[in-house]
Amino acid sequence: MTHVVTESCIKCRYTDCVDVCPVDCFRKGPNFLVIDPDECIDCAVCIPECPVNAIYAEEDVPDSQKDFIAINVELSRVWPSITRLEAHPSDADDWAKVKEKRHLLER
């Protein structure tokens with residue numbers, strides 16, 4: 001089992017989750033984070049750290065977000081590892097309120 005980053009993270013990319021990950025399973029893209037399913041140990045410490053509630057256990061991913069399971073797998077293979085807290089984008093708090101952001105995902 002693994003955890004999955006979903007649509008709410010797009011354009012926010014808060015890294016509070018990264019800072020608590022004991023196995024460094026997060027990968028960083030231009031405006032989104034993903035979890036490498038081969039590295040994730042299913043500890044769940046990242047879930048409460050996400051200020052936009054974008055992280056779910058794979059079995060709990062809402063139906064409307066199921067495609068993010070494959071997106072996490074795909075992008076974790078090409079994006080670099082991120083292991084420390086970084087400043088979030090200056091407009092992240094504005095984007096945190098936006099629900100429909102899937103089309104804004106930069107690969």
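Bear in mind these aren't lab numbers, they're just calculated from the coordinates by the rules spelled out. Keep in mind it's a predicted model, so treat the numbers as computed, not measured. Note: ideal-geometry Cβ built from the backbone for every residue, glycine included; neighbour counts use all protein chains shown.
Annotations for the structure displayed:
- The C-alpha radius of gyration of the chain, expressed as a fraction of 2.2 N^0.38 Å, stands at 0.93.
- The order of the peptides 52-65, 84-97 by mean Cβ neighbours within 10 Å, most packed first, is 52-65, 84-97.
- Nonlocal Lys pairs with alpha-carbon distance under 18 Å, the chain (8 or more apart, or different chains): 7
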